[in-house]
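Heads up: the structure comes next, in structure tokens.
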Amino acid sequence: MNEQPRVLIDTDEEIDGLVILTLNRPDKKNALDQQMVDALHQALEPLETDPTVRCLIFRGAGDSFVAGADIAQLRERRAADALEGVNQQIFRRIAEFPTPTIAAVQGWALGGGCELAIACDLRVCSENARFGQPEVGLGIIPAAGGTHRLARLIGLGHARELIFTGQIIDAEQAQRWGLVNRVAPQDQWFEEARKLGRKICKNAAGAVRLAKSAVNQAADLDEAERDQLECRYQAICFDSTEKMERMTAFLEKKKK
Ligand code: COA
């Protein structure tokens, strides 16, 4: 029997540069198994070097985003497997993707699903979305970015609460805590993510990529280094054709 591909790749028909990756294991709530991790690496590789890509949306097939790492596989893993950081590597690859990324979440985003969502730059969710890091209930920790990315995003207090209690929060609370950028009605969550994607894709592609890179690197730099990085990236923008064309278009429109 031919199994369905774990990740589906689509280009948006209307929005130039928007690519949609669908995690496709709906019968298991898109639980992240090795096959899906491999498929994600495979999907990202050509996209990373494709200059026409301007934004990625990650979503889950069926009624959920991702209900976590595959517990059947996790149970069989031992210390040496943990040290390989399988999920950590794929989420870092997503966090470092050269263009902005959006997690479009409906239903469950638990454990590795929540970590995948926070590895993305932005999160849009449906009113029925549920987020949580229930790992400690299963005798493990959220070790694919959960202990640091979550705190950077929603603050240490909220991150500690989610991680230590394993509690699951709804969309409204996720928005209050800054875990998601937008909450949309259940029939519009994906459209809302596309709206954000459309806005990103309209901007100068080079500037957006440099802006993301600067934002990502800032956390690891001191004040002076951050300033230097901004200057270097701005220097690239100042000499770019995109900047000249866009600013000229603005000024000429004003003259008419
Ligand atoms: N790993 C492996 N399988 C999973 C899974 C996971 N993380 N999450 C869901 N599934 C499987 C279920 O075992 C079930 O498989 P089956 O039909 O062969 O029995 C299928 O997906 C559907 O899930 P089900 O539990 O029947 O759906 P539900 O609507 O009753 O509950 C959840 C949904 C998400 C609340 C529940 O599946 C769950 O708690 N999953 C685990 C969440 C978790 O702890 N994630 C962190 C892992 S570190």
Inset, instruction - For Val208, state whether it is part of a strand (DSSP E or B) and either at pLDDT below 95 or crowded, with 16+ Cβ neighbours inside 10 Å (or both). - result: no
Inset, instruction - Would you please name the residue that is nearest to Val66 (Cα to Cα), looking only at residues in segment 1-28 that are more than 17 Å from the chain's Cα centre (by Cα) and buried (at least 20 other Cβ atoms within 10 Å of the Cβ)? - result: Arg25
Legend entry - Conditions (1) modelled with pLDDT under 95; (2) among the small types (Gly, Ala, Ser); (3) within 30 Å of Gly62 (Cα to Cα): number failed by Ala219: (3)
Inset, instruction - Being closer than 21 Å to Asp63 by Cα and surrounded by fewer than 21 Cβ atoms within 10 Å (Cβ to Cβ) is the filter here, so list the residues in segment 75-130 that pass it. - result: Leu122, Glu127, Asn128
Legend entry - Wholly within segment 95-181, helices (runs of 4 or more DSSP H) carrying at least 2 residues that are within 15 Å of the ligand (Cβ to nearest atom): 112-119, 156-165
Inset, instruction - Among residues belonging to segment 26-63 that are among the basic types (Lys, Arg) and assigned to a loop (DSSP other than H, G, I, E, B), point out the one that is nearest to the ligand (Cβ to nearest atom). - result: Lys29
Inset, instruction - Within segment 64-71, identify whether any single residue is assigned to a helix (DSSP H, G or I), within 11 Å of the ligand (Cβ to nearest atom), touching a helix residue (DSSP H, G or I) at 6+ places or on another chain (Cβ under 9 Å) and farther than 20 Å from Arg149 by Cα, and answer yes or no. - result: yes
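The values are calculated or read from the model by the stated rules, or taken from the named source; none is laboratory data. For clarity, every value in this text was computed on a predicted model and none was experimentally measured. Virtual Cβ from ideal backbone geometry, glycine too; neighbours counted across all protein chains shown.
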